Amino acid sequence: IGGNVAAVATSSPGVAAVAAVPPGKGEARGAAGSVPLGGNPGKGGARLLLAASGALRCAGTQGSVSGAVVVEDQPDVSAVLSAYNQQGDPTLYEEYYSGLKHFIECSLDCHRAELSQLFYPLFVHMYLELVYNQHESEAKSFFERFHGDQECYYQDDLRVLSSLTKKEHMKGNETMLDFRTSKFVLRISRDSYQLLKRHLQEKQNNQIWNIVQEHLYIDIFDGMPRSKQQIDAMVGSLAGEAKREANKAKVFFGLLKEPEFDVPLDDEDEEGENEEGKPKKKKPKKDNVGSKSKKQDPNAPPQNRIPLPELKDSDKLDKVMNMKEAARRVRLGPECLPSICFYTFLNAYQGLTAVDITDDSSMIVGGFADSTVRVWSVTPKKLRSVKTAADLSLIDKESDDVLERIMDEKTASELKILYGHSGPVYGTSFSPDRNYLLSCSEDGTVRLWSLQTFTCLVGYKGHNYPVWDTQFSPYGYYFVSGGHDRVARLWATDHYQPLRIFAGHLADVTCTRFHPNSNYIATGSADRTIRLWDVLNGNCVRIFTGHKGPIHSLAFSPNGRFLATGATDGRVLLWDIGHGLMVGELKGHTDTIYALRFSRDGEILASGSMDNTVRLWDAVKAFEDLETDDFTTATGHINLPENSQDLLLGTYMTKSTPVVHLHFTRRNLLLAAGAYSSQ
C-alpha cells in the first residue's frame with residue numbers, strides 16, 4: 001500500500017453487508033452523497049474500505065485523501081489486511097503492551113482515565129496483527145493475558161475476537177473488517193496526548209506508536225482532561241467516540257408551522273358530521289382555532305425545505321378532531337400520572353415481533369414471526385373493505401353518504417390478517433391518515449398495504465437482507481427503513497426505488513424514526529451509535545455514542561429539541577439535538593428497552609422493556625437547567641447528574657409480558673402492548 005490509500009470496494013454478502021445492491025442492478029446511485037474520509041460505506045453497492053498506512057497522521061488534524069480508486073469486483077480483503085505486515089518481534093508484543101499498561105497505570109490520576117481509553121483499540125489491533133502474521137501461539141497467550149483488563153462493555157466484541165485465531169478467519173469477518181478500516185476515535189486532552197507521545201518516543205516503542213498513528217484517530221482538545229465518569233458515559237461504541245466535528249453542523253430541530261384552516265365551532269357538530277366525518281357546510285361564524293397564531297419557530301427549517309404532501313380535506317378534518325381531543329387532554333406531571341392500558345397478546349404462539357397503534361388509537365397492528373400481519377380494531381367500529389368493482393359501479397356517486405355506501409358490510413370484522421411476507425415481520429407502521437400500513441420483514445422487503453381493501457399494494461425491494469424497522473413520516477408519503485445491510489433508506493410511497501440511502505453505520509440499523517418536522521431521520525444501530533441524517537441531502541449531521549449495546553428504541557420529544565434512546569444495556573440516554581450533547585441518563589431497567597414514547601406535550605417519558613415493566617420518567621425535570629454552554633459543547637465535558645431515582649415517577653410490572661410498544665392517545669392515556677410469555 002506504501003503510504004497511499006487503497007480503497008477496496010466489496011459487494012459480496014459474505015463480507016460487507018452494506019451492498020445497496022450488487023453493482024449493476026441499477027439502484028438509486030449517488031444518494032449517499034460524497035464519501036468523506038473514514039470510509040462511509042459508499043454509493044450503490046460499493047462499500048469503501050479505506051486502508052491507510054503511515055500517510056495519515058492523527059495529531060489533531062486529518063489529512064485529506066484524494067484519488068481513491070474504487071475497484072468494483074470481488075472483495076480483495078487481503079489488500080485491506082496487508083497493512084498488518086510484520087513490523088515487530090512477535091515475542092515482544094506482550095512486553096510492549098504491559099510496558100504501556102504500566103506507564104498508564106502509574107501516570108497521574110487526571111491523565112490515567114483518558115489514556116486508559118487506548119487499552120482496548122491497541123489490544124485488538126495488536127492481537128489481530130499477531131493473528132494475521134500467523135503467530136498463533138503468541139496471539140493466544142497475548143489474548144489470555146490481557147483480555148481480562150478490558151472494560152466490561154467490550155465483552156461481546158472480545159467474544160467475537162477470541163474466535164479469530166487464524167489468518168483465514170479474518171477474511172470473512174465483518175466486525176473485524178470494520179474495526180480494521182474505520183479509525184477508532186479517542187478524545188484526549190492535549191496534555192495527556194503529549195505525555196503519551198513523549199513516553200512512546202523515549203521508549204522507542206515503535207510498534208505501539210505505529211498502531212496509534214495508523215489505526216486511531218485522536219481528537220485532541222485543549223483544557224482539563226476528562227474524568228473516568230465523563231469518559232465512561234460517552235464511550236462503548238464499535239468505533240470509539242464521535243469526533244467533535246461530527247456534531248457541529250446546524251440542525252433545524254424546530255417544528256413546522258401548522259397550516260391554517262377554519263374550524264366549525266359548535267359542539268352540536270358531532271351529530272351533523274356523519275360517520276366518515278364529512279364536514280357540514282361551514283357556518284359564516286368562524287373561529288380560527290386552527291390558525292394558531294404561532295410565529296415561525298426560529299429553529300424550524302423553511303416550510304418548503306423538503307416537499308411535503310398537500311393536506312387533503314380528510315386530513316383537515318382529522319386535524320379538527322385532533323384539536324377537539326387535545327382540548328380534553330390531561331395535563332400530566334409528577335402529581336398527575338397517566339393511566340396505563342395494556343394490550344396483552346395472548347396465545348401469540350406465532351411470535352409477536354412488532355406492534356403499532358394509529359395516531360387516533362382506533363387500530364392496532366401486530367407483526368408476527370409466522371410472517372403474517374394482523375390488524376385489529378380497538379373501537380366498536382369494525383374493519384370493513386371496499387365493495388367489489390361491479391358493486392361500486394351501481395352506487396350513485398353524488399349521494400351524500402357515498403363514503404359509507406362503498407363499504408361492504410359483509411366484510412366487517414374485528415381482525416384482518418394480511419398475508420404476503422415470507423419471513424418474520426419486524427416492523428409495522430400506520431400512515432398518519434390511516435389509509436395505509438407498512439410492514440418490513442426478514443425477507444428483505446417492505447410492503448405497503450391498503451387499509452381500504454386490506455390487500456398489498458407494493459413490495460419495495462432494496463434491502464438484500466432482513467429489514468429490522470420501518471416508519472412513516474409524520475406527514476405521510478415518505479417512509480424510512482433500516483436493516484441488516486447497515487444502511488437506512490428513505491422511500492416515497494409512489495417510487496419503487498429509494499430516494500436516499502443513509503450509509504455510515506458499522507453494523508445493522510436496528511431502529512429508525514422521523515423527526516417531528518420530517519426533515520431528519522434518526523437511526524439506531526447494533527454498532528451502539530445513534531445517527532441523525534438530513535433528509536434533504538443525505539448527510540449525517542449527528543453521531544451519538546454512549547450506549548454499551550445495540551440500540552432498540554428511539555423517541556423524539558414533541559418539541560423536536562431532544563431525543564431519547566434505549567438499548568440492550570437497559571439505559572435510556574437523553575440527547576440535546578441542537579448542541580449534539582448527551583444531557584441525561586435514566587437507569588432503572590434491567591433488560592433491553594424496546595419502547596420509548598413522550599406524552600403528547602412532552603411532560604413524561606414512558607419506557608417499556610424486556611424486564612416486563614413500564615417506567616415513567618419526569619421529562620420536564622430531566623431537560624431543565626441543562627449545562628449546554630459553549631465550553632461543554634467544545635470539549636464534550638458532560639456532567640451527568642446521578643438523578644435517575646428523582647426522575648423515576650413510577651414502575652409498573654406486567655404479568656411476565658415484555659413491553660414491545662407504547663403509545664400516548666390524544667388525551668394522554670398511555671397504551672402499552674406486548675405478548676404474554678409463559679416461561
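Some values worked out for this structure:
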read-out: Residue match in region 140-160 (condition: open to solvent by 10 Å² or more (accessible area, probe 1.4 Å), outside any helix (DSSP H, G or I) and more than 30 Å from Thr568 (Cα to Cα)); value: no
read-out: All positions within region 471-484 that are touching a residue at least 60 places away in the same chain (Cβ under 8 Å) and within 14 Å of the chain's Cα centre (by Cα); value: His484
read-out: Residue that is among the hydroxyl-bearing types (Ser, Thr, Tyr) and out of contact with any Cys (no Cβ under 9 Å at 6 or more places or on another chain), where the choices are Ser227, Ser189, Ser163; value: Ser163
read-out: Some residue of region 258-265 being modelled with pLDDT of 75 or more and out of contact with any Lys or Arg (no Cβ under 9 Å at 6 or more places or on another chain); value: no
read-out: Residue ranges of helices (runs of 4 or more DSSP H) in region 84-136 with at least 1 members among the charged types (D, E, K, R) and open to solvent by 20 Å² or more (accessible area, probe 1.4 Å); value: 93-106, 109-115
read-out: Asn519 in contact with a Pro (Cβ under 7 Å, 6 or more places away or on another chain) and in the same structural domain as Gly483 (by the TED database); value: yes
read-out: Within region 564-679, strands (runs of 3 or more DSSP E) holding 1 or more residues that are at pLDDT below 90; value: 581-587
read-out: Residue list for region 587-605, filter: closer than 22 Å to Arg329 by Cα and either over 20 Å from the mean Cα position of the chain (by Cα) or among the small types (Gly, Ala, Ser) (or both); value: Ser599, Arg600, Asp601, Gly602, Glu603, Ile604
read-out: Residue in region 114-122 that is assigned by the TED database to the domain that holds Leu200 and farther than 26 Å from His199 by Cα present; value: no
read-out: Search result, residues across region 471-497 that are surrounded by fewer than 24 Cβ atoms within 10 Å (Cβ to Cβ), in a loop (DSSP other than H, G, I, E, B) and not aromatic (Phe, Trp, Tyr); value: Pro474, Gly476, His484, Thr493, Asp494, His495, Gln497
read-out: Yes/no for Leu415 being at pLDDT 90 or above, in the same structural domain as Asp534 (by the TED database) and open to solvent by 20 Å² or more (accessible area, probe 1.4 Å); value: yes
read-out: Residue in region 185-198 that is part of a loop (DSSP other than H, G, I, E, B) and either hydroxyl-bearing (Ser, Thr, Tyr) or open to solvent by 20 Å² or more (accessible area, probe 1.4 Å) (or both) present; value: no
read-out: Filter result (acidic (Asp, Glu) and modelled with pLDDT under 80) within region 80-110; value: Asp89
read-out: Residue identified as loosely packed, with under 13 Cβ neighbours inside 10 Å, part of a loop (DSSP other than H, G, I, E, B) and modelled with pLDDT of 80 or more among Gln204, Gln229, Gln296, Gln303; value: Gln303
read-out: Residue check, Ser557 under 13 Å from the mean Cα position of the chain (by Cα) and polar (S, T, N, Q); value: no
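Listed here are the residues, each with its yes/no results for (1) surrounded by fewer than 18 Cβ atoms within 10 Å (Cβ to Cβ); (2) in contact (Cβ under 8 Å) with a residue 60 or more places away in the chain; (3) closer than 19 Å to His661 by Cβ.
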| position | (1), (2), (3) |
| --- | --- |
| Phe342 | yes, yes, yes |
| Phe345 | no, yes, yes |
| Leu352 | no, yes, yes |
| Phe368 | no, no, yes |
| Val378 | yes, no, yes |
| Ser385 | no, yes, no |
| Ala390 | yes, no, no |
| Ser393 | yes, no, no |
| Ser399 | yes, no, no |
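The values are calculated or read from the model by the stated rules, or taken from the named source; none is laboratory data. If you're wondering where the values come from, they're calculated on a predicted model, not measured in any experiment. Glycine gets a Cβ as well: all are built from the backbone with ideal geometry, and neighbour counts include every protein chain shown. Ligands, DNA and RNA are stripped out before the accessible areas are found, and what is left, the full protein with its side chains, is counted by its heavy atoms. Shrake-Rupley method; radii C 1.70, N 1.55, O 1.52, S 1.80 Å.
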